[in-house]
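Student: First the structure, which I've put down as structure tokens, then a few questions once you've had a look.
The values are calculated or read from the model by the stated rules, or taken from the named source; none is laboratory data. As the structure is a computational prediction, the values presented were derived from the model and not from experiment.
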Amino acid sequence: MTETLSSDRDKLLAAARAAAAHAWAPYSHFRVGAAVAVDTAEGQRVVTGANVENASYGLTLCAERAALSAACQLGAPGERPPISAVAVVGLDAQPGECMPCGACRQWLAELAPDAEYYVEGVAETLHLDDLLPRRFTLKE
Ligand code: THU
């Protein structure tokens, strides 16, 4: 078991918080930021994303999926990006309220199955089994 320094958690949450300020959320006014730590051959990189809403509501992109798609650019071509941690912050949320939605959990299952998850206002470090037990997967 590896021990996470609380500063790693705090830094990733701070990156997610900064990203949330760039959300485009004129309809819900609920700004979300996500930060993803990727362990590349050159060291750890952090990519971020924020929610991007659309006047056609169903086309809204969540912060987590924005950040995960950016993380795919950092892995080796054709390989799942080596994501070690994901942080989520809701700027307009009550502490602990901004949990990843169901669709994002399925994306996280695809791309960050072994990550540690930090959600602002949730003291524990979460894992995918906490977020999406008995999940759907396909053999690659
Ligand atoms: N949202 C996210 O960005 N991530 C989630 O996991 C939950 C919801 C966004 C979508 C929408 O722009 C706003 O929060 C309100 O649902």
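Student: Does the range 64-94 hold any residues that are more than 14 Å from Ala37 (Cα to Cα) and of a type in the set (A, V, I, L, M), and which are they?
Tutor: Answer for the range 64-94, where residues must be more than 14 Å from Ala37 (Cα to Cα) and of a type in the set (A, V, I, L, M): Ala76, Val89, Leu91, Ala93.
Student: Looking at this structure, is Ala76 modelled with pLDDT of 95 or more and of a type outside the set (Phe, Trp, Tyr)? Outline the logic, then answer.
Tutor: Details: modelled with pLDDT of 95 or more: no; of a type outside the set (Phe, Trp, Tyr): yes.
No, not satisfied.
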